[in-house]
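Note sheet for the following structure.
Computed from the coordinates by the stated procedures, all read-outs in this text should not be read as laboratory data. On a predicted model such as this, the values are computed, not experimentally measured, just so you know. Reconstructed Cβ throughout: ideal geometry from the backbone, glycine too, with neighbour counts over all protein chains shown.
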There are 2 protein chains.
Amino acid sequence: MSNLRELPIVETAAAGVVPCCAPLAREPLTAPDAERLAVMFKALGDPVRLRLFSMVASHEGGEACVCDIQDVGVSQPTVSHHLKKLRDAGLVTSERRGTWVFYKVVPEVMATLSGLLGQKV
Amino acid sequence: MSNLRELPIVETAAAGVVPCCAPLAREPLTAPDAERLAVMFKALGDPVRLRLFSMVASHEGGEACVCDIQDVGVSQPTVSHHLKKLRDAGLVTSERRGTWVFYKVVPEVMATLSGLLGQKV
């Protein structure tokens with residue numbers, strides 16, 4: 001998967017996280033890889049943030065702005081705060097369009113995390 | 001996947017977490033599901049704990065005791081502490097055999113998390 005290092009979408013991730021690594025069931029993580037990946041899992045380790053991430057991921061085109069997100073039981077500034085945390089962890093990218101900032105999932109990163117927890121073959 | 005509710009291995013998970021949910025890219029999580037799943041992601045959100053989890057997962061039979069784990073740069077009591085946290089989150093189960101407690105990954109839970117982050121189809 002070394003060619004992923006050249007994908008612009010990965011280079012724009014704020015935390016500079018690059019997809020990596022074989023499934024955990026096949027071989028243990030190195031300390032540096034664990035450091036990078038733990039940042040992502042930590043970002044998903046908050047119930048509100050995880051739910052917001054799922055709302056962005058399942059929204060049309062895998063992207064959404066704060067204006068698309070409702071009924072999560074927290075204020076719009078709190079939603080924005082959580083979305084920025086997801087961006088800082090490299091799970092989503094952001095782009096301003098007029099009044100709103102749109103957040104978009106990084107499919108390669110999701111695939112990496114999914115593969116990491118998947119079967120070893 | 002509702003038949004997973006009847007698997008003993010799931011019932012023994014300390015946090016009582018039951019695998020669930022469609023891929024995030026397909027539909028958003030409900031608040032209760034996000035609460036349960038965030039506990040697992042949070043447990044993986046520490047670099048040392050994530051590395052230990054990968055060591056257990058990749059060890060023979062997907063299980064290991066503290067005696068099998070070396071060179072992680074933390075003391076054996078700290079390793080034990082982290083393994084208990086993984087157990088409390090429902091990611092591993094534990095079983096005492098003589099002097100040692102053995103920790104074993106819960107394949108259904110890993111598959112759930114992998115599927116959650118996987119493609120929507």
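Values computed for the structure shown
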| item | result |
| --- | --- |
| Verdict on A:R96 being basic (K, R) and closer than 19 Å to B:L24 by Cβ | no |
| Selected residue (criterion: nearest to B:V106 (Cα to Cα)) from residues of the stretch B:64-73 that are of a type in the set (A, V, I, L, M) and within 11 Å of another protein chain (Cβ to nearest Cβ) | B:A64 |
| Candidates B:L50, B:L86, B:L113 - the one that is more than 9 Å from chain A (Cβ to nearest Cβ), under 16 Å from A:L24 (Cα atoms) and in a helix (DSSP H, G or I) | B:L86 |
| Subset of the stretch B:53-63 that is under 13 Å from the mean Cα position of the chain (by Cα) and more than 7 Å from every other protein chain (Cβ to nearest Cβ) - its residue that is nearest to A:A34 (Cα to Cα) | B:V56 |
| Qualifying residues in the stretch A:17-47 (those that are more than 7 Å from chain B (Cβ to nearest Cβ) and touching a Leu at 6+ places or on another chain (Cβ under 7 Å)) - the one farthest from A:V92 (Cα to Cα) | A:P23 |
| The stretch A:74-101: number of residues that are under 14 Å from A:R51 (Cα atoms), of a type outside the set (A, V, I, L, M) and either touching a residue at least 24 places away in the same chain (Cβ under 8 Å) or touching an Asp or Glu at 6+ places or on another chain (Cβ under 6 Å) (or both) | 3 |
| Given (1) touching a strand residue (DSSP E or B) at 6+ places or on another chain (Cβ under 9 Å); (2) farther than 23 Å from A:L37 by Cβ; (3) buried (at least 19 other Cβ atoms within 10 Å of the Cβ), number of the condition A:I69 does not satisfy | (1) |
| Test result for A:V101, under 23 Å from B:Q119 (Cβ atoms), more than 10 Å from chain B (Cβ to nearest Cβ) and of a type in the set (A, V, I, L, M, F, W, C) | no |
| Enumeration of residues in the stretch A:37-66 that are basic (K, R) and surrounded by fewer than 21 Cβ atoms within 10 Å (Cβ to Cβ) | A:K42 |
